[in-house]
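Only one structure is covered here, and it is reproduced in the block below.
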Amino acid sequence: MILHCNYEELGALKQGANVLLGHGRGEGFSIAAPPRGRTEVEALLPRLGGDLTIETLAEQRWVARAIQAIVESLKEEMDLFIITAHPADESAVASYFQYGHALSVLARVTEMGQEMEALIEVVTGAPPSPEVAKTFLFPG
């Protein structure tokens, strides 16, 4: 399955990943990420050059976890800009759009996972087991 992302969404995900990984905009702060979220974001970052091909439910789940961590990081960054400056400050407004674009991708990847789970259940007659989540392939 293909997760389509536009230019702004990819930019937001990259920015959020860099902030989460400690490569922020240079304002002297970074968001602490749990090791698992950090590892998943590090693995996702090189794939953020265009649409994402997701072949298994297990892959969708780790992509969703990485994007969730990015969204949380961008929300924390947005909150910080609002608190330290002003809600209408340029950095706060820009961070709102970054957060919104990433949140939109998270919603789509979550929906994709629900559709993948439903299709696996229709085909196999049972909810996806961890093994099926890794081996049931979806066309790209």
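Data for the structure
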| item | result |
| --- | --- |
| Mean Kyte hydropathy of 0.0 or more with a Cα span along the axis of at least 27 Å, helices from DSSP in the chain | 57-84, 90-124 |
| Relative exposure of Ile54, Ile67, Ile83, judged by other C-beta atoms within 10 Å (fewest first) | Ile83, Ile54, Ile67 |
| Net charge dipole size for the chain [Lys, Arg +1 and Asp, Glu -1 on Cβ; Debye, nearest 20] | 280 |
| Residues Phe136, Phe81, Phe97, sorted so that the one with the fewest Cβ neighbours within 10 Å comes first | Phe97, Phe136, Phe81 |
| Charge tally in the Cβ shell below 14 Å around Ala133, where Lys, Arg are +1 and Asp, Glu are -1, Ala133 excluded | -3 |
| Per-pair calculated FRET efficiency, R0 = 30 Å: Trp62 and Val93 via Cβ, rounded to 0.05 | 0.40 |
| Rounded, prolate or oblate (a/c below 1.5 giving rounded, otherwise prolate when a/b exceeds b/c) for the chain by Cα gyration tensor | prolate |
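None of the figures in this text is laboratory data; all of them are computed from the coordinates on show. Quick caveat, the model's predicted, so the values are computed rather than measured. As a convention, Cβ positions derive from the backbone with ideal geometry for all residues, glycine included, and neighbour counts pool all protein chains shown.
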